[in-house]
1. Scan region 125-157 for residues that are near the ligand (Cβ under 9 Å from one of its atoms), open to solvent by less than 70 Å² (accessible area, probe 1.4 Å) and either within 24 Å of Lys171 (Cβ to Cβ) or among the hydroxyl-bearing types (Ser, Thr, Tyr) (or both) and jot them down.
2. Name every residue in region 198-214 that is open to solvent by 70 Å² or more (accessible area, probe 1.4 Å) and either within 16 Å of the chain's Cα centre (by Cα) or away from the ligand (no atom under 14 Å from the Cβ) (or both), in order of residue number.
3. Output the residues belonging to region 16-32 that are open to solvent by 20 Å² or more (accessible area, probe 1.4 Å) and within 14 Å of the ligand (Cβ to nearest atom).
4. Only one residue in Leu4, Leu101, Leu72, Leu66 is within 13 Å of the ligand (Cβ to nearest atom), under 22 Å from Lys190 (Cβ atoms) and either touching a strand residue (DSSP E or B) at 6+ places or on another chain (Cβ under 8 Å) or open to solvent by less than 20 Å² (accessible area, probe 1.4 Å) (or both). Which one?
5. Restricted to region 178-189, and to residues that are in contact (Cβ under 8 Å) with a residue 12 or more places away in the chain and over 15 Å from the mean Cα position of the chain (by Cα), which residue is surrounded by the fewest Cβ atoms within 10 Å (Cβ to Cβ)?
6. Kindly indicate whether Arg95 is more than 8 Å from the ligand (Cβ to nearest atom) and within 20 Å of His220 (Cβ to Cβ).
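The values are calculated or read from the model by the stated rules, or taken from the named source; none is laboratory data. What you see is a predicted model; the values in this text were computed from it and never measured. Every residue, glycine as well, gets a Cβ built from its backbone with ideal geometry; the counts of neighbours run over all protein chains shown. Each accessible area value is taken on the protein alone, full model and side chains, heavy atoms only, with ligands, DNA and RNA left out. Shrake-Rupley method; radii C 1.70, N 1.55, O 1.52, S 1.80 Å.
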Amino acid sequence: MKALVLLGPPGSGKGTAAKKLSGRVGFRHVSTGDLFREALSDDSKAGKAIRPYMNKGLLVPDDLVLDVIRDLVAKLPNTARILMDGFPRTLAQARDFEKVLAGEGSAVSHVFLLDVEPDVLERRLVGRLVCSSCGEIFHRESKPPAVEGQCDECGSAVEQRSDDNLETIRKRQRIYEELTLPVIAFYEEKGIMHRVNGDRPQDEVLNSLLELLSDGNGSHM
Ligand code: AP5
């Protein structure tokens, strides 16, 4: 199994970059945020347990997150290649993920941190629109859908995420600083952390990620 991790504050462009990068390098995009939003949309036990945290912009408790990750990894073949988006977000998650991967004879090879200034993050999140069906990501000003309210990819309705209001955005940013910055230090100590300037056009961000994964002979990993 091969594993990459994409980290960054809310709105830094993890989802946008992960969709593009996973397609280019043949890694499966695993977004814990998307997995949890899917669980919310049905009336399952997991959805009910997660709802109070996500609606308030709080992190889902580690034990629930780790159950989802262990279950996912157990179902993947040993040859799987995964790109984690928004996981791990706490030191406990990072340490547990390390053990889960070690059980598969593997380890995270690269961690990418998308660096973006806080005022830019806020503007991105208040203007974000997401397709209710395929998850394609838009922005009211910088990347509006060609037809207002309609996804360019699948034609379904685009909508604002319920946690993209200023109060919740600021809470998510505070939680990131408190609980996720230590994860960055954890991976820095391992020498696998790469900082990427996320405040550039999306294709430039993608090219930087591809370069970091390149073996110098035109192939990636
Ligand atoms: P999650 O869905 O992971 O949200 P997040 O980390 O807050 O990140 P976002 O999805 O808000 O932003 P992003 O970095 O993906 O940016 P995007 O590409 O969309 O998590 C949501 C919730 O789930 C959490 O609050 C928590 O409750 C729970 N959760 C998830 N994982 C968890 C975990 N591991 N543990 C515990 N709880 C967990 O881009 C944003 C906007 O910017 C878009 O409009 C886009 O078009 C635009 N944009 C992107 N890139 C660029 C660029 N280069 N230039 C200009 N605009 C850009």
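1. The answer is Leu125, Gly127, Arg128, Leu129, Val130, Ile137, Phe138, His139.
2. The answer is Gln202, Glu211.
3. Thr16, Lys19, Lys20, His29
4. Working: Leu4 fails: within 13 Å of the ligand (Cβ to nearest atom); Leu101 fails: within 13 Å of the ligand (Cβ to nearest atom); Leu72 fails: under 22 Å from Lys190 (Cβ atoms).
So the residue among Leu4, Leu101, Leu72, Leu66 that is within 13 Å of the ligand (Cβ to nearest atom), under 22 Å from Lys190 (Cβ atoms) and either touching a strand residue (DSSP E or B) at 6+ places or on another chain (Cβ under 8 Å) or open to solvent by less than 20 Å² (accessible area, probe 1.4 Å) (or both) is Leu66.
5. Of the residues in region 178-189, the ones in contact (Cβ under 8 Å) with a residue 12 or more places away in the chain are 179-180, 182-184, 186-187.
In the following step, the residues that additionally are over 15 Å from the mean Cα position of the chain (by Cα) were identified as 179, 182, 186-187.
Numbers: Leu179: 16, Pro182: 12, Phe186: 16, Tyr187: 20.
Among them, the one singled out is Pro182.
6. It is false that Arg95 is more than 8 Å from the ligand (Cβ to nearest atom) and within 20 Å of His220 (Cβ to Cβ).
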